[in-house]
Amino acid sequence: MPLCNLRIDLEAIRRNAARLAELVAPTSLAVVVKANAYGHGLVPVAQALAGRVARFCVYELGEALALRDAGVTDPILVLGPVRREDLDAAHAADLAVTVWDLDFARRAAVTLRRRRTPLAIHAEVDTGVARLGFRPEQAPAAIAALRETPELMLEGCFTHLASSEDLDEGFTSLQHRRFTEAVDGVLPTGAIRHMAASAAAMMWPETRLDMVRVGIALYGVWPSHESRLFLQSRAIHSLHDGDPTAGLLEPAITWTTPIVALREIDNGEPVGYGCTWRAAHPTRIATLPLGYAEGLDRGLSNRGSVLVGGRRCPIVGRICMDMCMVDVTEVPDAHVGQQATLLGRDGAEEITADDLAAWCGTIAYEVLARLPLHLPRSYS
Ligand SMILES: *Cc1c(COP(=O)(O)O)cnc(C)c1O
């Protein structure tokens, strides 16, 4: 087991869910728990929210079955592909699956022929991501065919937005129009229409329809810098007092690891493979027992920082497979066993998923989704 810990604050996730539900009401809130609940832990997060949200969205069947095994009885939608041979398992677990292909629907109907109840499905329409979904012009006929298939029950219909986190709403409006034109008047009564993920749910109320599918915001992270600025500016226009985005989303994860060794090095001495960093003065180096095998992106070499004793300490030298080194010269009482914080708060300082992402040239989504499964997680 790696000597590090991910501490997940389930109460913060619950508060985020409650505030997001309030923000989008009367639209219902579905939460996205794919990629191990964006690194936070699929089963604990879902158990913390069970009964409090309209639905869970997962990417693959295995994630949905893990939730059922853990006793989660809420509605679950599988967003990604399900193999035909797994449809029985999906049906037995009372899941809804996404359909974007009539051949698949026909073969599913054959597989499910002798079941007493139909399999719930959501039809996906591709309005501009070019990923999954019926083309808008094919959607009315496809939906009609799905409605005529007794083995399938069309519970919902959705699309996914390509650039809703941008300040320019042009493409979002176009996708919204394509979707509503494709599905209006062809869905069965009671079918749920949904399109907004976190950014659109917060920024573009007209995209909320019957349900929103919120992922990143549930975990206390803004979908983009622009999305936060947008909500701040809107509040200023409406003369709302205070910043409405402050406290709306609380990060829920803290990643710590103990210092396992300390040394003093002289002016000019190198640190790490390739001697890519050299001390400019006598320096105290702390060794941390985690590296890229534990999910610390090697791109953080000589770029990132960690918190020790409430201070920012730079990562120096190349990150190794299972270890890395940090400069703790500015923390006179740094000692072996002291916890260093890679993600989260220590005293007045905080390292966010956005900070880590900016340092290694990616987005917070990837930082969270790639937190390895094998890291120990504890929950409060
Ligand atoms: C991942 C995903 C979401 C959630 O997106 P966020 O930006 O994290 O809120 C919603 N819908 C679909 C189809 C997705 O793949």
Around Leu61 (Cβ within 15 Å, Cβ-to-Cβ, excluding Leu61; K/R +1, D/E -1) the net charge comes to -3
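All other residues with a Cβ under 9 Å from the Cβ of Ile192 taken together, and with Lys, Arg as +1 and Asp, Glu as -1, what is their net charge?
Surrounding charge for Ile192 is 0.
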Of all beta bridges DSSP finds with both residues in the chain, what is the antiparallel percent, to the nearest 5?
50
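Please give the net charge around Trp222, taking every other residue with its beta carbon less than 11 angstrom from that of Trp222, where Lys and Arg add +1 and Asp and Glu add -1.
Around Trp222, the surrounding residues sum to -2.
Can you give the charge dipole size of region 253-379 about its Cα centre, rounded to the nearest 20 debye, using +1 on the beta carbon of Lys and Arg and -1 on the beta carbon of Asp and Glu?
Charge dipole, region 253-379, about its Cα centre: 180 debye, nearest 20.
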Spin-label point model (7 Å from Cα, Cβ direction): what's the Ser173 to Arg68 distance in nm?
4.4
Tell me which residues come under 5 Å, amide H to amide H, from Phe134 once H is placed; ignore anything under 5 positions away on its chain.
Glu124, Val125, Asp126
How high is the relative contact order of region 253-379, given as a whole-number percent (alpha carbon pairs under 8 Å, six or more residues apart)?
27
Enumerate the amide H contacts of Ser164 below 5 Å, restricted to partners 5 or more residues apart or on another chain; note that Pro and chain-start residues carry no placed amide H.
none
How large is the dipole of region 253-305 about the Cα centre if only Lys and Arg carry +1 and Asp and Glu carry -1, each at its Cβ, rounded to the nearest 20 debye?
80
Report ³J(HN,Hα) in whole Hz for each residue of region 17-22, in order, from the Karplus equation J = 6.51 cos²θ - 1.76 cosθ + 1.60 where θ = phi - 60°; Gly and Pro get x.
4, 5, 5, 5, 4, 5
Computed about the Cα centre, the charge dipole of the chain from +1 Lys/Arg and -1 Asp/Glu charges at the Cβ has a magnitude in debye, to the nearest 20, of 800
Dipole-positive endmost among Pro372, Trp204, Ala96 within the chain (Cβ charges, Cα centre):
Ala96
Using the Karplus curve 6.51 cos²θ - 1.76 cosθ + 1.60 with θ = phi - 60°, what ³J(HN,Hα) values do you get for each residue of region 255-263, in whole Hz, with x for Gly and Pro?
10, 10, 7, x, 5, 10, 7, 9, 8
How many nm separate the modelled label positions at Asp94 and Gln339, each set 7 Å beyond the Cα in the direction of the Cβ?
3.9
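As an exercise, identify the GluC sites (Glu not before Pro) in region 148-225 lying in DSSP coil whose Cβ has no more than 15 other Cβ atoms within 10 Å.
Glu148
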Output for region 121-187: chymotrypsin sites (Phe, Trp or Tyr not before Pro) sitting in coil per DSSP, at most 10 other Cβ within 10 Å, listed by number, reads none
Put a dot 7 Å past each Cα toward the Cβ at Leu262 and Ser380; how far apart are the dots in nm?
2.4
Applying the Karplus parametrisation 6.51 cos²θ - 1.76 cosθ + 1.60 with θ = phi - 60° to the phi angles of region 316-331, what ³J(HN,Hα) value in whole Hz is obtained for each residue in order, glycine and proline being reported as x?
10, x, 6, 5, 8, 4, 10, 8, 8, 10, 10, 8, 10, 3, 7, 10
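Quick note: the coordinates plus some simple rules give every number you see, no bench work behind them. As the structure is a prediction and not an experimental result, all values here were calculated from the model. Note that each Cβ is placed from the backbone with ideal geometry, even for glycine, and that neighbours are counted across all protein chains shown.
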